[in-house]
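Please read the structure below before turning to the comments.
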Amino acid sequence: MGSMLITIFIVLFVAYWGMGIILYIMQPHFLYCPVREVVYTPEELGMDFEDVVFKTDDGLSLNGWYIPAENSHMTVLFCHGNGGNIMHRLDSINIFYNLGLNCFIFDYRGYGSSEGKPGEEGTYLDVKAAYEWLTKEKKVSPNNIIIFGRSLGGSIAAQLASKVRSRALIIESTFTSYVDIGRKFYPYMPVRWFARFSYRTIDYIRDVRCPVMIIHSRSDDVVPFEFGLELYEAANAPKEFVEIIGSHNDGFLVSGEVYKKSWTKWLQFLKESERGADRHRAS
């Protein structure tokens with residue numbers, strides 16, 4: 001009986017660590033789910049756009065779309081999530097367009113028509129290059145840039161916002177860190193030991209000095225609602241928390257007018273705070 005128990009223990013131990021090794025090796029495939037083919041463009045929804053190619057600091061060519069809205073001075077720098085490519089964000093682009101916001105959305109390395117292979121440090125270089133294209137090539141003032149990210153893109157957006165000037169940061173359906181989201185899916189594994197990525201959103205957001213809005217659904221089936229609350233608590237004022245409905249991938253659509261009105265209200269707040277700052281400088 002004793003030898004049988006020892007054998008069972010050894011088998012379980014080997015299986016446990018074997019699974020850990022598999023998870024370690026497969027992490028990039030779980031985290032990054034790019035689609036290369038870009039079939040649809042903003043033209044499908046009647047929007048004019050500029051097809052953009054720009055370079056990262058490590059020499060890769062990335063692809064993005066710049067979609068101007070009529071008489072708009074504010075531009076959304078859109079960091080999308082871990083799956084698909086920019087084509088799969090046309091619904092969001094359309095919302096921003098109808099809100100009167102310019103939008104610059106780009107594909108990370110390895111996604112869509114962008115060169116390279118996805119990786120954490122690479123995504124930070126990619127968003128930095130997108131920001132520099134907006135500010136240097138398009139001559140958009142940092143004070144007119146709203147950095148926006150959804151899901152994984154929220155962590156990438158927060159990292160950028162902690163490093164550069166911008167008008168505001170908006171993150172939606174985003175986790176506090178890669179390790180934290182790993183613990184949710186694999187509570188029985190020592191995730192911290194196996195984690196190959198960090199994406200420490202909660203640390204980045206503590207260093208963000210522009211206004212911050214956090215959007216999260218209580219029904220999010222991928223990123224727990226409490227993660228959004230934790231990010232809100234960590235953010236510096238001024239800040240806003242918006243609760244929406246729906247799942248992780250469709251909350252912004254299911255919430256409909258609630259989602260759009262939260263953006264409208266936040267944009268109005270940004271305008272009023274800017275006018276207040278102008279009056280203060282004038283006095």
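The values are calculated or read from the model by the stated rules, or taken from the named source; none is laboratory data. None of these values were measured; they are calculated from a predicted model. As a convention, Cβ positions derive from the backbone with ideal geometry for all residues, glycine included, and neighbour counts pool all protein chains shown.
With respect to ASP203, is the statement that it is within 29 Å of LEU99 (Cβ to Cβ) and either at pLDDT below 95 or charged (D, E, K, R) (or both) true? Taking the combined requirement at face value, the residue does not satisfy it. Of all the residues that make up the range 205-239, how many are assigned to a loop (DSSP other than H, G, I, E, B), farther than 18 Å from PHE148 by Cα and of a type in the set (Asp, Glu)? Residues meeting the conditions: 2. Quick check, is GLU120 over 30 Å from PHE194 (Cα atoms), surrounded by fewer than 23 Cβ atoms within 10 Å (Cβ to Cβ) and either out of contact with any strand residue (DSSP E or B) (no Cβ under 7 Å at 6 or more places or on another chain) or not small (Gly, Ala, Ser) (or both)? No; evaluated as a whole, the condition is false for this residue. Based on this model, can you work out whether ARG275 counts as in contact with a helix residue (DSSP H, G or I) (Cβ under 9 Å, 6 or more places away or on another chain), charged (D, E, K, R) and at pLDDT below 95? In short, no. Cβ-Cβ contacts under 8 Å between residues 6 or more apart (or on different chains), taken from a first residue in the range 116-141 that is without any contact (Cβ under 8 Å) to a residue 24 or more places away in the chain to a second residue that is in a helix (DSSP H, G or I), are listed as THR135/PRO142; SER141/THR135.
Taking the range 59-161 as the region of interest, the helices (runs of 4 or more DSSP H) fully inside it that hold 2 or more residues being over 16 Å from the mean Cα position of the chain (by Cα) and modelled with pLDDT of 95 or more are 90-98. The single condition among (1) over 20 Å from the mean Cα position of the chain (by Cα); (2) at pLDDT below 95; (3) surrounded by 14 or more Cβ atoms within 10 Å (Cβ to Cβ) that LEU31 does not meet is (1).
Restricting to the range 164-180, name every residue that is over 23 Å from HIS73 (Cβ atoms) and at pLDDT 95 or above. Within the range 164-180, SER173, THR174, PHE175, THR176, SER177 qualify. With the condition kept exactly as written, say whether any residue in the range 177-192 is of a type in the set (A, V, I, L, M, F, W, C), assigned to a strand (DSSP E or B) and either touching a residue at least 12 places away in the same chain (Cβ under 8 Å) or buried (at least 20 other Cβ atoms within 10 Å of the Cβ) (or both). No, the range 177-192 contains no residue that is of a type in the set (A, V, I, L, M, F, W, C), assigned to a strand (DSSP E or B) and either touching a residue at least 12 places away in the same chain (Cβ under 8 Å) or buried (at least 20 other Cβ atoms within 10 Å of the Cβ) (or both).
Would you confirm, using the coordinates I've provided, whether VAL38 is in a loop (DSSP other than H, G, I, E, B), surrounded by 14 or more Cβ atoms within 10 Å (Cβ to Cβ) and of a type in the set (Val, Ile, Thr)? So VAL38 fits the description; yes.
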